[in-house]
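Please read the structure below before turning to the comments.
The values are calculated or read from the model by the stated rules, or taken from the named source; none is laboratory data. Given the structure is predicted, the values throughout are model-derived calculations rather than measurements. As a convention, Cβ positions derive from the backbone with ideal geometry for all residues, glycine included, and neighbour counts pool all protein chains shown.
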């Protein structure tokens, strides 16, 4: 049974079937990553099938996505909450662009990709136009002194003519790999290696007052539960 992604990638498309993919998920040593890989492969198949580019062994156009019939590995929801002290340690060590990215992710409850794709045109008089992906609802995050400071720091970055809020000295958008490498270095320096950048959005949702559903741009309460990681504080019976 295939257990290596490079060997799976070498297969002819008509040989990829649900049974083979299920075996791949079972053999993969990183079950969560295997789910992500299967999700990516499913998107590739959907793109190709929609354009009549995928054919079976008889040369006929494939109509069904083989990934759809495969049950994903079970995943335990992530529960890591970044404390205020841990967040301060990260911010104090991080370079300026990582600081800005962290603050936008926390204050506006944004994903890393949403931060990196943010444009200067999203700076509105009433707040920051928080454009979301993955089916989440766009929101306008009202200005606070802290959010203004983060956005003004971004607008002050050297780089002529860039439409991107976060950019390098040449005005080019910051790459995901660049931000990730800088954030990993920050985690090593602060000995907080068990954190992920996505945990920052979860902290933003967890710390939000009022509607957490609206704060995170979520369309369901189920998604709010994924991001709200603070333990509920309740009074005793008497």
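Would you say residue 119 is in contact with a strand residue (DSSP E or B) (Cβ under 7 Å, 6 or more places away or on another chain) and either modelled with pLDDT under 95 or surrounded by 12 or more Cβ atoms within 10 Å (Cβ to Cβ) (or both)?
When the stated conditions are applied, residue 119 passes them.
Which one of 148, 170 is modelled with pLDDT of 95 or more and more than 23 Å from residue 198 (Cβ to Cβ)?
So the residue among 148, 170 that is modelled with pLDDT of 95 or more and more than 23 Å from residue 198 (Cβ to Cβ) is 148.
Run residue 73 past the list (1) more than 22 Å from the chain's Cα centre (by Cα); (2) in contact (Cβ under 8 Å) with a residue 40 or more places away in the chain and report the number of the one that doesn't hold.
(1)
Every residue in the range 122-161 that is farther than 28 Å from residue 43 by Cβ and either surrounded by 18 or more Cβ atoms within 10 Å (Cβ to Cβ) or touching a residue at least 60 places away in the same chain (Cβ under 8 Å) (or both), please.
127, 128, 141, 147, 150, 151, 154, 157, listed by residue number.
Would you be able to tell me the number of residues in the range 163-187 that are loosely packed, with under 15 Cβ neighbours inside 10 Å and touching a strand residue (DSSP E or B) at 6+ places or on another chain (Cβ under 6 Å)?
1
Out of 63, 90, 116, report the one residue that is under 30 Å from residue 39 (Cα atoms) and touching a residue at least 24 places away in the same chain (Cβ under 8 Å).
116
Does residue 10 meet the test of being loosely packed, with under 12 Cβ neighbours inside 10 Å, farther than 21 Å from residue 176 by Cα and either touching a strand residue (DSSP E or B) at 6+ places or on another chain (Cβ under 7 Å) or without any contact (Cβ under 8 Å) to a residue 24 or more places away in the chain (or both)? Outline the logic, then answer.
Working: loosely packed, with under 12 Cβ neighbours inside 10 Å: yes; farther than 21 Å from residue 176 by Cα: yes; either touching a strand residue (DSSP E or B) at 6+ places or on another chain (Cβ under 7 Å) or without any contact (Cβ under 8 Å) to a residue 24 or more places away in the chain (or both): yes.
Criteria met by residue 10.
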